[in-house]
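Since every read-out is calculated from the coordinates, none of them should be taken as a lab result. Not measured: the values here are computed from a predicted model. All Cβ positions, glycine included, derive from the backbone under ideal geometry; neighbour counts span all protein chains shown.
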Amino acid sequence: MTSWIWFSYCFRQVASILNILDDELIVGVGNYILSCQTYEGGIAGEPGSEAHGGYTFCGLATMVLIDEVNRLDLAGLINWVVFRQGVECGFQGRTNKLVDGCYSFWQGGVFALLQKLHTVCGETQALSDSEGDSATDSASEGEVPGDNLCEEDQTCHFEHGAQSNAPGSVDCSSGYTQNLRRSETEPLFQSMALQQYVLLCSQDQEGGFRDKPGKARDYYHTCYCLGGLSVCQYIWSKNGNAPPLPKAVLGPYSNLLEPIHPVYNVVLQQYQEAYEFFSRS
C-alpha cells in the first residue's frame, strides 16, 4: 500500500507525536485528500482511483490531525464503509473484493475515528433500520448485540439510514487527538462478528495472524488484526479509558487487549507518555 495518502498520514502522524506539526506542514494537504474522495464516499490512494480501506483510514486520520475533517463528505464516507463488512464477518478493502484480516483495523479504525469524532463534536449518528430490528435498535447501555452473528442467510452490516451531517457541517477543530472522553454513539459495525473473524479465521494456531485461512501468518497482519481486535473490544466502552464490559469481549475476558489510540494505532498509554514528553520540549 504505497501512495501519497499513505505518506501524508505517516509524515503528519510522526510530526504530531513529536509536537512539530505546524501550518507549514499542512499547506495543501486537505485539498489533496479531498481530491481523492471518490463518488462512492471512500478515499482513494490518488485522484481518480478506487476507494480503498487503507487509504480511507489514512485520509480521514490525516484530516483529523490537521483539523480539516469537516471538509470531507462524512455522510458519503460512512455510507461506503458500513457496507465493507461482509458475510464472512471480516472487512473487505474495496467493493466486491474478498475480506482480509488487516482491514479489521483499516476499516474498523475508521469507525473508531468517526465515533470519537461525533463525541467530540457533540453530534449523534442517526442510524435506522427499515424493519426496526437492527442490532443497534435494541441495544441499551451495557448490552452488546451480536447473538445471531454471521448466519448463513445473514449479512454483518447495518442498513444505513438517514444521515444528518452534510459535507462541511461538522466543526471538529477542538483537539480530537487528546479528547477520548465518554462516547454516546453506538458502533456502526458488528463488533462481535469482526472479533469472530479475527480470532477464528485470521489467527494462526501456532501464533500470529494472517489475511485469511490458507494464507501464511506475518507481522503486518498480526499488527493490524490486533489493532482491529482492540478497536472491537473497546468500541462499546462508554469511556475511552475504561475497560469494556465482559459482553463486549468475545471468548474469555483474558482475550482483552490494551486500548489503542485510534489515530495512531499505538497502545494508548504509550501514546500519552510520548505526547507528554514531547509537549514539554
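A few notes on this one:
- In loop segments of region 1-86 as defined by DSSP, the chymotrypsin sites (Phe, Trp or Tyr not before Pro) with at most 15 further C-beta atoms inside 10 Å of their C-beta are Y39.
- Here's the list of lysines a cross-link from K215 could span, going by alpha-carbon distance under 21 Å and ignoring same-chain residues fewer than 8 apart: K97.
- Most tightly packed first, judged by the mean number of other beta-carbon atoms within 10 Å of their residues, the peptides 44-53, 210-219, 223-232 read 223-232, 44-53, 210-219.
- Positive minus negative residues near D211 (Lys, Arg vs Asp, Glu; Cβ under 15 Å): +2
- Estimated distance in nm for a label pair at Y219 and F278, the labels positioned 7 Å out from Cα along Cα-to-Cβ: 2.1 nm
- The label-point distance for L25 and K238, in a model that sets each label 7 Å from Cα toward Cβ, rounds to 3.8 nm.
- For region 73-116 and region 203-247, distance of Cα centres in Å: 15 Å
- In Å, descending, principal axis extents of the Cα set of region 222-275: 32, 26, 16
- Backbone N under 19 Å from the V14 label point (7 Å along Cα→Cβ), restricted to region 56-70: 58-59, 61-63, 65-66
- Space enclosed by the convex hull of the alpha-carbon atoms of region 1-83, per residue, Å³: 81 Å³
- Multiplying the residue separation of S35 and Q205 by 0.36 nm and subtracting their alpha-carbon distance yields 56.9 nm.
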